[in-house]
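The structure appears right after this line, and notes come after that.
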Amino acid sequence: MKSLKLYLLFIGCTLVSLAYAQESLVKISPFYFVDGTFQTSYEKVIKNDNSLAISAGYRLAENGDEYGWMGELQIRRYVVKPRFNNSSDSPLSGIYAGLYTNCKYFLQQDEWYNNSWVIEPYYDDNGMYVNGEGYSYDIVKQEYDIKQLEGGVIFGIQMIFSKNFSLDFLLGGGIRSSDIDNKPLNLEFNSPERGYTGIVPKIGFDLGIAL
């Protein structure tokens, strides 16, 4: 798939850049595994107490019938530097505030039962020709595309232990715009589901390794 190749290319370029990185973190988001998504991020100090975080993810679910990709950019500023296991000297440790923007694409599949009243002639036990009537149940599947653009604010805390292992917790929210192609008529989206347009919350938890 083209989207998978682009994602692998991004990962490759990120790994190459790590050879020259200083004061940076590579992180994964374990909660995304529940949704069939692998997401990784790279955060690097840009100057003073500011950092830039780039993340990318790929979703593959329902035996490959549903997939998608996502990318996000965060700009953070560390405003408070409490001590976490003597790691307060790290520029990426502390309480931060920032802005984020992301874009996502998903190929989804909806499934429902289609009921219809049919007449099906048959022969009864006495060999008589009978017009049988009843409901027929058919499973209908429909694919549709979701394109999302989102932006907002975040607040969080990042802790680095023994100068190597990091924990990152964030909360925030923003505005999301979704465009859906070939949407099934009986399908509605609620916050914060994929395909929803409106104000949405943002929650994150990452595990990382310091470089």
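Within the range 159-190, count every residue that is of a type outside the set (D, E, K, R) and not in a strand (DSSP E or B).
Qualifying residue count, the range 159-190: 9.
If a residue has to be among the hydrophobic types (A, V, I, L, M, F, W, C), closer than 18 Å to residue 51 by Cβ and open to solvent by less than 30 Å² (accessible area, probe 1.4 Å) to count, how many in the range 140-159 make the cut?
Total satisfying the criteria: 1.
Within the range 191-211, track down each residue that is open to solvent by 60 Å² or more (accessible area, probe 1.4 Å) and either out of contact with any helix residue (DSSP H, G or I) (no Cβ under 9 Å at 6 or more places or on another chain) or in a strand (DSSP E or B) (or both).
192, 193, 194, 197, 199, 201, 203, 209
Could you please find all residues in the range 160-178 being crowded, with 19+ Cβ neighbours inside 10 Å and of a type in the set (A, V, I, L, M)?
Answer for the range 160-178, where residues must be crowded, with 19+ Cβ neighbours inside 10 Å and of a type in the set (A, V, I, L, M): 160, 170.
The values are calculated or read from the model by the stated rules, or taken from the named source; none is laboratory data. The shown structure was predicted, so the numbers you read here are calculated from the model rather than taken from an experiment. All Cβ positions, glycine included, derive from the backbone under ideal geometry; neighbour counts span all protein chains shown. All accessible areas refer to the heavy atoms of the entire protein, side chains included, with ligands and DNA or RNA removed. Shrake-Rupley method; radii C 1.70, N 1.55, O 1.52, S 1.80 Å.
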